[in-house]
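First up is the structure itself, then whatever we jot down about it.
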């Protein structure tokens with residue numbers, strides 16, 4: 001390749017990472033099965049983005065399971081399987097506080113559907129789904145804000161002194 005002064009630059013596209021790169025950094029209190037499904041997409045992302053997309057879709061199924069949204073529904077006639085789309089809608093109806101998260105879940109479902117049905121999907125499309133899942137996990141399971149607020153309260157209560165020094169401080173008589 002010619003140098004950049006002549007208008008060309010080198011362009012490399014990764015095809016494999018060993019060990020695989022983590023797709024999400026902070027899972028908070030995310031259910032183990034959901035986390036496992038998301039993590040299972042990482043090793044195949046660069047070699048088979050469709051498979052990675054399918055695994056992310058499966059993580060949405062696992063999330064619906066965790067949230068208690070049934071896979072089957074019984075009507076008067078007979079029981080039937082609920083589509084993931086209907087399960088997400090039921091999640092939205094059951095938990096209106098997470099309405100925005102439900103809308104985001106639909107986006108991941110659609111990307112997963114494209115990957116599941118053999119259509120061409122790009123790594124960037126799958127990474128979009130990962131970004132969306134990351135946001136969903138923050139909305140549903142991230143406890144870092146509460147943990148940080150509790151930590152601040154403790155520091156204020158001990159007036160900034162290190163916690164290890166608190167046990168050794170003499171208690172003044174009243």
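The values are calculated or read from the model by the stated rules, or taken from the named source; none is laboratory data. Model, not experiment: these values are computed from the prediction. Virtual Cβ from ideal backbone geometry, glycine too; neighbours counted across all protein chains shown.
Couple of notes before you dig in:
- The residues of the range 110-134 that are more than 16 Å from the chain's Cα centre (by Cα), touching a residue at least 60 places away in the same chain (Cβ under 8 Å) and either surrounded by 17 or more Cβ atoms within 10 Å (Cβ to Cβ) or assigned to a helix (DSSP H, G or I) (or both), listed by number, are 114, 115, 116, 121, 123.
- Of the residues in the range 143-152, at least one is under 25 Å from residue 66 (Cβ atoms), in a loop (DSSP other than H, G, I, E, B) and at pLDDT below 80.
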